[in-house]
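Engineer: The structure that follows is given in the form of structure tokens.
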Amino acid sequence: MTATVPVNGAVLRERLLSSALSDRAFADRSGLGDSAVRGMLLRNEVNGSISVADLRRAATEAGMTMGELFDVQALDEPDDSATDDAAVLAQVLHAHKQRQSEDRLAQALGWHLDRLRDAITALDTRLGPVGLRLHRNTMGVTIRPADQRAAHALDRLTTFKDADDGIDHGTARILYATYIGTGSATDMSADHMIKIGALVNRNAVTMGSGVGARVRLTDDAAYAFDVSR
């Protein structure tokens with residue numbers, strides 16, 4: 001296994017940011033490739049098998065000397081403490097609901113992976129008392145409820161919102177056609193099925209299984225129609 005050589009990944013990252021040079025563009029210009037550049041930026045290391053000429057070209061593309069890229073430097077301590085890092089990470093994960101990979105998060109935040117993982121640990125500890133947790137797997141990181149105690153309330157909120165929003169004309173036509181028994185059993189268009197699904201979610205209709213199965217009003221919906229006549 002080839003040994004790795006430590007590099008000043010934080011300094012390199014700052015140079016790329018100040019030059020408005022993306023990681024991929026730097027990888028292309030330097031000839032190092034995406035994997036090597038990620039190692040430099042995220043793990044502060046580079047594979048020892050890479051030639052000195054390639055590394056010199058990489059330093060030049062980043063506007064650095066070889067000394068700046070490799071010599072041990074007394075870097076300033078990060079302005080943010082681990083607690084502040086956790087707060088920043090919480091804001092990012094709250095704004096982006098989809099799962100985010102650790103590599104992508106580290107690059108977006110301008111942190112190395114160790115700093116990100118420290119922030120993840122700190123944030124997970126802080127989320128517990130408010131009923132949340134960090135969920136991590138090979139796909140990335142996201143914030144989730146720690147248990148199902150709020151599930152019923154969330155379902156009711158969705159129901160209340162649906163009631164306040166009402167239904168559009170197309171969905172209303174399908175509901176009325178179902179009521180008078182003229183609903184189509186053959187219309188399988190995407191728009192029609194989406195509207196049927198919305199009515200099913202509102203507990204207004206049920207849909208039988210099998211080809212040509214008709215949509216029927218639920219007992220509650222049928223009662224509401226009878227009362228309104």
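Engineer: Could you go through segment 85-101 in sequence order and give the Karplus-derived ³J(HN,Hα) for each residue, using 6.51 cos²θ - 1.76 cosθ + 1.60 with θ = phi - 60°, rounded to whole Hz, and x for Gly and Pro?
Structural biologist: So the Karplus estimates, Gly and Pro as x, are 4, 4, 5, 5, 4, 4, 5, 5, 5, 5, 6, 10, 5, 6, 4, 10, 6 Hz.
Engineer: Which number do you get for Rg(Cα) / (2.2 N^0.38 Å) in the chain?
Structural biologist: Working: Rg = 28.2 Å, N = 229, 2.2 N^0.38 = 17.3 Å.
With N residues counted in the chain, Rg over 2.2 N^0.38 Å equals 1.63.
Engineer: Further, regarding this structure: Would you tally the net charge around residue 170, using a Cβ to Cβ cut-off of less than 14 Å, leaving residue 170 out, and scoring K and R as +1, D and E as -1?
Structural biologist: -1
Engineer: List the residues, sorted by chain then number, that are 5 or more residues from residue 45 or on another chain and whose placed amide H is less than 5 Å from its amide H.
Structural biologist: Those lying under 5 Å, H to H, from residue 45 are 7, 40.
Engineer: Most mobile of 122, 20, 172 per a Gaussian network model of the chain (Cα springs, under 10 Å)?
Structural biologist: 172
Engineer: Next question, about the same structure. Return the Cα extents of segment 151-228 along principal axes one, two and three, sorted largest first, each rounded to a whole Å.
Structural biologist: Principal extents (Cα only, largest first): 36, 30, 23 Å.
Engineer: Here's another thing I want to ask about it. Using a Gaussian network model on the chain with a 10 Å cutoff between Cα atoms, which of 57, 156, 136 fluctuates the most?
Structural biologist: 156
Engineer: Right, next: Assign one of three labels to segment 4-70, namely rounded, prolate or oblate, based on the Cα gyration tensor with a ≥ b ≥ c the square roots of its eigenvalues; rounded applies when a/c is under 1.5, prolate when it is not and a/b is larger than b/c, and oblate otherwise.
Structural biologist: Working: a/c = 1.28, a/b = 1.24, b/c = 1.04.
Because its axes are fairly even, with a/c under 1.5, segment 4-70 counts as rounded.
Engineer: Then there's this: Counting Lys and Arg as +1 and Asp and Glu as -1, each charge on the Cβ, what is the dipole of segment 82-145 about the Cα centre in debye, to the nearest 20?
Structural biologist: Magnitude of the dipole: close to 320 debye.
Engineer: D for segment 82-145, whole µm²/s, Stokes-Einstein with Kirkwood Rh over alpha-carbon pairs at 20 °C and 1.002 mPa s: what number?
Structural biologist: 187 µm²/s
Engineer: Here is a further query. Residue 206: net charge of surrounding residues, Cβ under 13 Å, Lys/Arg +1, Asp/Glu -1, itself excluded?
Structural biologist: +1
Where a number appears in this text, it was derived from the coordinates with a stated rule and is not lab data. On a predicted model such as this, the values are computed, not experimentally measured, just so you know. Here the Cβ is made from the backbone with ideal geometry for all residues, glycine too, and neighbour counts use every protein chain on show.
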